[in-house]
Every structure is written in C-alpha cells, then in structure tokens.
Amino acid sequence: MGIRSWRWLAPVLVVALGAGVGLAFVTGAWLRPPPLPVDRTPVPLAGHQPCRDADVYFRTDEQMRHAAAALHDDPEARLVFVETKHESFLSLRDGFKDHPEMLKGLGGEESSPAVVTVVPMPTTDLVAYVASLKTRFPEAQDVYSIDVNAYNDKFGKPRDAPTCPRAGEY
C-alpha cells in the first residue's frame, strides 16, 4: 500500500467515521424518551399513587408546608405532594378499615404525621436523594423511600403487579 492508496483511503475513512457518529447521534435522539413534565407546586396526595418516591414525615402541618415550599427550586424533584396530619390519619384509617384492631395501637389524628411526598426525576439516585433530604430537613421525623421496581428486582415481582412507569407514579 503506497502513498497513492492513502490519497483515496483517508477521505473515505473520515467520511465513514463521520457518518457513523452522525447516525449514532440521530439514533440516540430518536430513541430517547420525551422529557417528563415537572411541577413542583405542592398538591394534595389524594388521587395520586406514587411508586418511586421519597416521603418526608413531619410532626406538624406547618413544618410540612415549609418543607414543601422549600422543594420548589429542587432540580431533583419532579412532583411534590402533601398530606396534612388529618389527611394522613384518614388515609390510614381507610387503609385499615377491614382491620380495626390494627388501628387501636396507632393513636388518633394527633399521632399521625404530616407528609411531603417527592417524586424525583427518573435519573435521580433515590438512596442519595433520601440522605440529602434528611440533611436538608433535620426537623423531619424520618425520611423513607419507595421504589417498587427496585423492590421487585430484589425480591421478585408478583405475577399481577404492574411495573412502576418512568414517571414514578401509576
């Protein structure tokens, strides 16, 4: 292979490489899912069913409202739901309506927490996000996460159980 061969081979290789890179970008953009809507304005949890979220529990409704407002500029948060102590108690009561004996030891509305539920962006590391929320809201009673898909991957998915969608709620 002499110098003459490189005169035509080099441009062909450059064009082929450029076409491959261009095709990769076009294919990647085409396969990328559309962006999810972001709305950090706190809304009541009632009627929503998150399946990948962080729940921050507070002693008072005032603490909960303050935390929900503080999440407005959080780039990791996609949706923010709130539940007052009263709403939390009603939800718990309705959830155990068939087993009233389980409610006896839980106390009344006063012992129910006020809750901020955050559905994070799909790319957010939920474990790290929970740790950051614990640091950010030291007055919180506790912070828990729910990730149905991670749970199903670890322990096995029940046959009829739906997969949590990318949006983080059913």
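The values are calculated or read from the model by the stated rules, or taken from the named source; none is laboratory data. Predicted, not measured: the structure shown is a model, and the values here were computed from it. In this analysis, Cβ positions are derived from the backbone assuming ideal geometry, glycine residues included, and neighbour counts consider all displayed protein chains. Only protein heavy atoms, including side chains, enter the accessible area calculation; ligands, DNA and RNA are left aside. Shrake-Rupley method; radii C 1.70, N 1.55, O 1.52, S 1.80 Å.
Rounded if a/c is under 1.5, else prolate if a/b is larger than b/c, else oblate: which is segment 96-142, with a ≥ b ≥ c the root eigenvalues of its Cα gyration tensor?
Details: a/c = 3.62, a/b = 2.02, b/c = 1.79.
Prolate, because a/c is 1.5 or more and a/b exceeds b/c.
Over the chain, accessible surface divided per residue gives 67 Å², non-protein components excluded, 1.4 Å probe. Normalising the average separation of contacting C-alpha pairs (under 8 angstrom, six or more residues apart) by the number of residues puts the relative contact order of the chain at 31 percent. Per the Debye formula on identical point scatterers at the alpha carbon atoms of the chain, with no solvent, log10 I(q)/I(0) at q = 0.13, 0.14 Å⁻¹ is -0.75, -0.83. Over the residues of the chain, the helix contribution to mean residue ellipticity at 222 nm works out to -13500 deg cm²/dmol, using -39500 (n - 2.57) for each DSSP H run of at least 4. For HIS66, the accessible surface of its heavy atoms amounts to roughly 120 Å² (probe 1.4 Å, protein chains only, rounded to the nearest 10).
Helices assigned as whole DSSP H runs in the chain whose Cα atoms extend at least 30 Å along their own long axis and whose mean Kyte-Doolittle hydropathy is 1.0 or higher are found at 3-31. Given a 1.4 angstrom probe, I'd like the percentage of the accessible area of the chain that is carbon and sulfur, rounded to a whole number. Accessible surface attributable to carbon and sulfur in the chain totals 62 percent.
Starting from segment 12-115, pick out the chymotrypsin sites (Phe, Trp or Tyr not before Pro) whose DSSP state is loop and whose Cβ has at most 14 other Cβ atoms within 10 Å. Walk me through the numbers before you get to the answer.
On the way: sites: PHE25, TRP30, TYR57, PHE58, PHE81, PHE89, PHE96; in loops: PHE96.
Taking segment 12-115 and a limit of 14 other Cβ atoms within 10 Å, the loop chymotrypsin sites (Phe, Trp or Tyr not before Pro) found are PHE96.
Just reorder GLU76, GLU101 by solvent-accessible area, largest first, 1.4 Å probe, all chains present. Write out the running numbers ahead of the final one.
Working: GLU76 75, GLU101 110 Å².
From most exposed to least exposed: GLU101, GLU76.
Taking LEU106, LEU17 and ordering them by how much accessible surface each has at a 1.4 Å probe, largest first, produces LEU17, LEU106.
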